[in-house]
Ligand SMILES: O=C(O)CCC(=O)C(=O)O
């Protein structure tokens, strides 16, 4: 692959859209090195620009055909005004196939509740000892000298406090075991069907007095527009590593909001993630849609002891206020996605966000 890219670089300027289109095709595996090798003259040092032009043309044609095949079911940030439309995907994918529901920790009642509300709160699923082990591991990760400088570590916009650490399941064996734990993975399969893979993992910290807000949003809106997640077939598990109470900025959810898709205004700027993970400005729902959703469904802020689990649909409207209390609030988030819903090119037309935010190469569980 590297050789292919190097050769192309000799002929096309790095920021040329044609080159970038081809590089993306190579990266996503749609253009193979062997297909270039089969082109006459490819191995010839006097390889001429006309041959390359032919490849460019053919490749772009194929690329356009493939893009057209994956239609955008949930357009957002297209420059149009905000709209609210009904979700086109099931919530309980496992019930679609007409086969027996996969066995797992969630009862049929709980699954019905998830279907209607878009979330489930299960108090004290993990023991004090288990949470203690995760907290110790987090402290160990926090002491790694390279962590703060790493792009996976997000710093609060108005202080030097750590806001989030991404990719914890790849950084640590303890968190790798957590994502495979049946209390999460089997429950996820009961909702989405299987096989699944881990799309993202992160820990959000809200230190006492300094932890800042996460404004209202649907994760799916961002994952669709900026990462190219085609359908609503992903789910988040938030495991409370400290008690969440009404004062330390617990996650707030809008019950039933997962059934509406709120298309947001504006257009995504390049490399938006550098700003948005600290404070989001695009992909933010408008006041009118939020008011409608909240007037209809209300707001809930599930609170409970460390070890409790909040499971929520990828399109559920949620957010949280800053932590004005002295009590820290830390939650780990694990996101599962179905293998049939793997990421394609981002629907905003920009290059994909980095793998630690939205992976394209994680194997199935
Ligand atoms: O940790 C929180 O309170 C909010 C998390 C969230 O919504 C996110 O990271 O997208």
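The values are calculated or read from the model by the stated rules, or taken from the named source; none is laboratory data. Since this is a predicted model, take the numbers as computed values, not measurements. Positions of Cβ are backbone-derived with ideal geometry, glycine not excepted, and every protein chain shown enters the neighbour counts.
The number of residues in segment 227-246 that are in a loop (DSSP other than H, G, I, E, B) and in contact with a strand residue (DSSP E or B) (Cβ under 9 Å, 6 or more places away or on another chain) comes to 8. Would you check if there is a residue in segment 336-346 being within 16 Å of the ligand (Cβ to nearest atom) and assigned by TED's automatic domain parsing to the domain that holds residue 214? Taking every residue of segment 336-346 in turn, at least one turns out to be within 16 Å of the ligand (Cβ to nearest atom) and assigned by TED's automatic domain parsing to the domain that holds residue 214.
Among the numbered conditions (1) at pLDDT 95 or above; (2) away from the ligand (no atom under 14 Å from the Cβ); (3) within 14 Å of the chain's Cα centre (by Cα), the only one that residue 326 does not meet is (3).
Contact map, segment 245-256: first residue at positive phi, second residue away from the ligand (no atom under 13 Å from the Cβ) and part of a loop (DSSP other than H, G, I, E, B), Cβ cut-off under 9 Å, separation 6 or more or different chains; pairs are 249/324; 249/325; 256/118; 256/298.
Here's the yes/no breakdown for (1) in contact (Cβ under 8 Å) with a residue 24 or more places away in the chain; (2) surrounded by 12 or more Cβ atoms within 10 Å (Cβ to Cβ):
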site: 109; (1), (2): no, no
site: 141; (1), (2): yes, yes
site: 147; (1), (2): no, yes
site: 156; (1), (2): yes, yes
site: 169; (1), (2): yes, yes
site: 181; (1), (2): no, yes
site: 189; (1), (2): yes, yes
site: 198; (1), (2): yes, yes
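Quick check on residue 296: is it touching a residue at least 60 places away in the same chain (Cβ under 8 Å), in a helix (DSSP H, G or I), more than 15 Å from the ligand (Cβ to nearest atom) and out of contact with any helix residue (DSSP H, G or I) (no Cβ under 6 Å at 6 or more places or on another chain)? Answer is no for this residue.
Residues are listed down the side, and each one gets a yes or a no for (1) over 21 Å from the mean Cα position of the chain (by Cα); (2) within 13 Å of the ligand (Cβ to nearest atom); (3) crowded, with 23+ Cβ neighbours inside 10 Å; (4) outside the structural domain of residue 191 (by TED's automatic domain parsing):
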residue	(1), (2), (3), (4)
231	no, no, no, no
235	no, no, yes, no
240	no, yes, yes, no
253	no, yes, yes, no
263	no, no, no, no
267	no, no, no, no
281	no, no, no, no
300	yes, no, no, no
304	yes, no, no, no
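Restricting segment 194-226 to residues that are more than 13 Å from the ligand (Cβ to nearest atom) and not in a loop (DSSP other than H, G, I, E, B), the residue that is farthest from residue 95 (Cα to Cα) is 225. When 312, 333 are checked against the criterion of being within 13 Å of the ligand (Cβ to nearest atom), over 23 Å from residue 162 (Cα atoms) and in contact with a strand residue (DSSP E or B) (Cβ under 6 Å, 6 or more places away or on another chain), a single residue qualifies: 312.
For segment 348-358, filtering for residues that are buried (at least 16 other Cβ atoms within 10 Å of the Cβ), away from the ligand (no atom under 16 Å from the Cβ) and within 14 Å of the chain's Cα centre (by Cα) leaves 1.
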